[in-house]
1. Using Cβ contacts closer than 10 Å as the measure, can you line up A:Ser189, A:Ser256, B:Ser66 from fewest to most?
2. Counting alpha carbon pairs within less than 8 Å and at least 6 residues apart, what relative contact order, in whole percent, applies to chain B?
3. If I model a spin label at A:Glu93 and B:Val302 as a point 7 Å from the Cα along the Cα→Cβ vector, what separation in nanometres do I get?
4. Compare A:Arg274, A:Arg134, A:Arg254 in a GNM of chain A, Cα atoms joined below 10 Å, and give the one with the largest fluctuation.
5. Can you sort A:Trp283, A:Trp268 by how many other beta carbons sit within 10 Å, fewest first?
6. Excluding A:Asn181 itself, what net charge comes from residues whose Cβ is under 13 Å from its Cβ, given Lys and Arg +1 and Asp and Glu -1?
7. Rounded if a/c is under 1.5, else prolate if a/b beats b/c, else oblate: with a ≥ b ≥ c from the C-alpha gyration tensor eigenvalues square-rooted, which is segment B:82-144?
8. Out of all DSSP beta bridges in chain B, what portion is antiparallel? Express it as a percent rounded to 5.
Amino acid sequence: MPKVTIDGQMIEVPDGTTILQAARMIGGPIVPPAMCYYSSLKTSGGYCRTCIVKVSKGSEKDPRPMPKPVASCRTTVMDGMEVQNITSPEVVEARKGVVEFLLLNHPLDCPICDQAGECHLQDLAYEHGLSKTRYEFERRTFEKIDIGEKIKLHMTRCILCYRCVKVADQVTNKRVHGVMNRGDVAEISTYIQHAVDNDFSGNMIDVCPVGALTDRTFRFQSRIWNVNPMDAHRDCKTCSGKVTLWMKGNDVARVSARKDKYGEVIDWICNDCRFEKKDAHDWQMDGPTNIERHSVISQNHYSLKEPAHKPLLNTLYTAPADRQLNSNN
Amino acid sequence: MGKKLLLQHDHVPGIHSYEVYRKHGGYASVEKAMKQLSAEAVVEEIKKSGLRGRGGAGFPTGMKWSFLAKPPGVPRYLVCNADESEPGTFKDRYLMERHPHLLIEGMITSSFALGANTSYIYIRGEYFYVSRILEKAIEEAYANGWLGKNILGTGYDLDLYVQVGAGAYICGEETALLESLEGKRGNPRIKPPFPAIAGLYGCPTVVNNVETIAAVVPIVTMGGDEYAKIGIGKSTGTKLISASGHINKPGVYEIELGVPVEEFIYSEEYCGGIKNGKQLKAVVAGGSSVPILPAHLILKTVNGEPRLMSYESLSDGGFATGTMLGSGGFIVMDEDTSIVKNLWNFTRFYHHESCGQCSPCREGTGWMEKILHRILHGHGKISDIDLLWDIQGKIEGKTICPLGDAAAWPVAAAIRHFRSEFEEYVKNPGSIQDVKHYYRLNNLTEA
């Protein structure tokens, strides 16, 4: 089991662990941000470069530092490796540069973007970016296109993280979309606007870190901080049936997969659960989703950690059977 | 006259055909490798020769070959990188056009040394007619028993294929080349794993430049030790230089490494001096991505020693006062050349060729091009120069593949050595040389 030191904190990790995974095991502020890496998608990561770190000591055997900053999501730890993330001013500066590049052609119109509030790029820019853009040229824009009945693609907002391509490759059984063209005119698209029609295609929406892929059944119906996330489940033959319901009053505004604290989907869900089951009676409630305190989504709401809210939540959601929410199953 | 190894029969008419090539000692290295030496012994000769990769990075070839993983039961591949796309470099084309059998002979000898039974020549789409020449030569080699089953009765089989790319600079990066060869989008892979462990179709693979593979032929024929005597220091052997720009005799020259730069530019044997009797202003010594150097630094190092055409001498002084031998694309500029315009042209190229996979290169190359375009056309600001410097620093070393570095280095070097020229463009837009272009772009009628 190799031992790795990240920003002075040592941890022993299994063979084959990447620096980013090791940092997540340690947790806290030393975890590098990641825009394209997705732990459940194979070969993801390495593209956005936000997670770059400095390896100041290669390993016990070969203590030479690595000559360039490396993508922590794709670099495997070696025994005795020493990594600098937030303790290295170079890394902090380089990351600032990467954020600037990501935002360069990204529209700065968060107030009218449907992803605002749950956008990873927004968070990233807030934490690591400059307050002002230095780009004085026209930004690249694309027409919005519908890829399939349920998904809207707005390529203007895309940061080319390739996550949706990997979902289509690894979660659905047929990929009909991919990256076309190259350089700064590269775009995610379907071949001749071929519809994305697959049981699991909706997961592309969940993995999209920005507002490029959005749910057409929810788009512009509510700001994300005005809906309450609730964990719920149902018996589903195609997927785990474990979801997060985004409730507006007693109505289900949106269904999404459950996500961990790094914004990654825990269980893929099928399109039937996501798009068709928009009635609270379809679901059994498990309780409110734990949303991090700093997130705008938990503003004006609640937290599980606050005991004052517990009785209220219990009365509402501990007795779904009595209220026969599940009667039609 | 310097020693010629690759182009020694360049003057022979019909050297591209099998009969003439064979008559001039062709395929002797295959005979020697298979009959007198073993595969390991060939690798040993390459190591002794000190041959360094001719594609640009200058990595020792023998070492690269010895890194090749050899798990039992797994095929190994040799891939020849003929995707020569670096602006200012055209030596591989010349070699393949005129000496196709030299490359094929090198491929056979190298494949034998590496134990590869299938090898590929990946050639860029723009060289389609060259692929025809190679294919014809391969046909001749098959017909004469140099390729196919049981070569020279040794029981060694080799099949050689030419694959034409679709024309992308990025496919010259070895992992992007492998992706493209596999029929996928030519995006560079994230390393590790390196191709020597998992390359083409996940199998151990060696990717070498055309000139590197061609150089294997004289090394095996004359012996590694003998080859190492040519050249200077760790820069052994000969190198093809593609000389272009404002010189009297542009073209491909085979030089013995260690020739002084001054001699290369001014002697009648090579470039023949600056065209129209003008003064030398700057040189890009190794293809468009290496740092540009002003005349006083390219002729002499910062210590006052004459600069030589070798890996070490050209990189003397680091990037502050030195450059790189790179792929040998030697671009000479006279006193009338606009460095800003030249840089814009290079940057435009990298913007066009960025694959778009990782963000610094995808966004940064376009940004630099736009700023340079603005400066060039009289709308620049003094702060733009610092901005350019900052952007290149944020691209360099932060990308998946070296294209980001290749785009950043020329910008850094041009500002480092010719900052005043950028300032001139900003302060006196009237000094713009290409006034006509400026007016046309802005829909103005010329005053």
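The numbers here are math on the coordinates, done by the rules we state, and not lab data. Everything numeric here is computed off the predicted structure, so don't read it as measured data. Methodologically, a virtual Cβ is constructed for each residue, glycine included, from the backbone with ideal geometry; neighbour enumeration extends over all protein chains shown.
1. Taking fewest neighbouring Cβ atoms as first place, the list is B:Ser66, A:Ser189, A:Ser256.
2. 15
3. 1.9
4. A:Arg134
5. A:Trp268, A:Trp283
6. Values: positive: A:Arg140, A:Arg182, B:Arg185, B:Arg362; negative: A:Asp184, A:Glu187, B:Glu353.
So the environment of A:Asn181 carries a net charge of +1.
7. On the way: a/c = 2.05, a/b = 1.49, b/c = 1.38.
Prolate.
8. Working: 22 of 43 bridges.
So the antiparallel bridges amount to about 50 percent of the total.
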